[in-house]
1. Working carefully through the options L5, L21, L55, find the one that is in a helix (DSSP H, G or I), hydrophobic (A, V, I, L, M, F, W, C), over 24 Å from G156 (Cβ atoms) and within 33 Å of the chain's Cα centre (by Cα).
2. Which condition breaks for V18 when tested against (1) within 21 Å of K168 (Cβ to Cβ); (2) open to solvent by 50 Å² or more (accessible area, probe 1.4 Å)?
3. From the list A161, A106, A101, pick out the single residue that is more than 27 Å from I41 (Cβ to Cβ), open to solvent by 50 Å² or more (accessible area, probe 1.4 Å), of a type in the set (A, V, I, L, M, F, W, C) and modelled with pLDDT of 95 or more.
4. Being outside any loop (DSSP other than H, G, I, E, B), among the aromatic types (F, W, Y) and within 18 Å of V126 (Cα to Cα) is the filter here; which residues of the stretch 72-115 pass it?
5. Would you confirm, using the coordinates I've provided, whether D30 is closer than 30 Å to V151 by Cα and touching a Lys or Arg at 6+ places or on another chain (Cβ under 8 Å)?
Amino acid sequence: MLRDLTSFAAYGITANDVEALRADAAAFADLESDGEIVAEISEANAVKNKKRKALFVAIKGVMVRVGNVFASGTAEYAAFGTARLSRQTDAQFIATAKVVAKQARAHSGALAVTGLTTAMVDDIDVLAQELEVLLIDLKLKKSDRELLREVRVTAGNALYAKLISYAKTGRNIWEAVYAAKCNDYVVCKRK
């Protein structure tokens, strides 16, 4: 287009317009791709799942001790809320971890004989808090993906519309005058 700026000037397209098109194309190229974002989401999900597994192991360590003091069918055991632990959603799992820590503290006297320590219970609290932060981070990344997808679509459509407009103008300038230059402005051949 720079080669034909004098011809485009008759249509109100200036060097600044061409430079703006280049800048828009460069900005579009710099946008994070969906593949990059999906990779970030996958990594965040893997980190979250690793933390969940660590918390699961910590809870099970406490529950083995609870089972040694309170039979599994008793109200005391059920108060820990670990039924179907592996099937719980992340949010339910975090809530259950907090309940386990609270109940372990409430029954610390009875559970002390099983080797349960304050550090074990504190570890559950810390892991639950870390899991919650990772879960929020993951949800934010998923939300950002949707927002960035919309930004890419809007920017891409605007760039395409501008490019097609300039290409139509270029074809119009050279169609009857110079076929080779006209072909420089063909975006795609029609069948």
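The values are calculated or read from the model by the stated rules, or taken from the named source; none is laboratory data. Since the model is a prediction, treat every value here as computed from it, not as a measurement. Here the Cβ positions follow ideal geometry from the backbone for every residue, glycine too, while neighbour counts run over all protein chains shown. SASA here: full protein model, heavy atoms, side chains in, ligands and nucleic acids out. Shrake-Rupley method; radii C 1.70, N 1.55, O 1.52, S 1.80 Å.
1. Working: L5 fails: within 33 Å of the chain's Cα centre (by Cα); L21 fails: over 24 Å from G156 (Cβ atoms).
Going through L5, L21, L55 in turn, just one is in a helix (DSSP H, G or I), hydrophobic (A, V, I, L, M, F, W, C), over 24 Å from G156 (Cβ atoms) and within 33 Å of the chain's Cα centre (by Cα): L55.
2. (2)
3. Details: A161 fails: modelled with pLDDT of 95 or more; A101 fails: open to solvent by 50 Å² or more (accessible area, probe 1.4 Å).
Result: A106 is the single residue among A161, A106, A101 that is more than 27 Å from I41 (Cβ to Cβ), open to solvent by 50 Å² or more (accessible area, probe 1.4 Å), of a type in the set (A, V, I, L, M, F, W, C) and modelled with pLDDT of 95 or more.
4. Here is the first cut: in the stretch 72-115, the ones outside any loop (DSSP other than H, G, I, E, B) are 75-78, 85-87, 90-106, 108-114.
Cutting the leftovers down to among the aromatic types (F, W, Y) gives us 77, 93.
If the condition is that a residue be outside any loop (DSSP other than H, G, I, E, B), among the aromatic types (F, W, Y) and within 18 Å of V126 (Cα to Cα), then F93 is the only one that fits.
5. Details: closer than 30 Å to V151 by Cα: yes; touching a Lys or Arg at 6+ places or on another chain (Cβ under 8 Å): no.
Taking the combined requirement at face value, the residue does not satisfy it.
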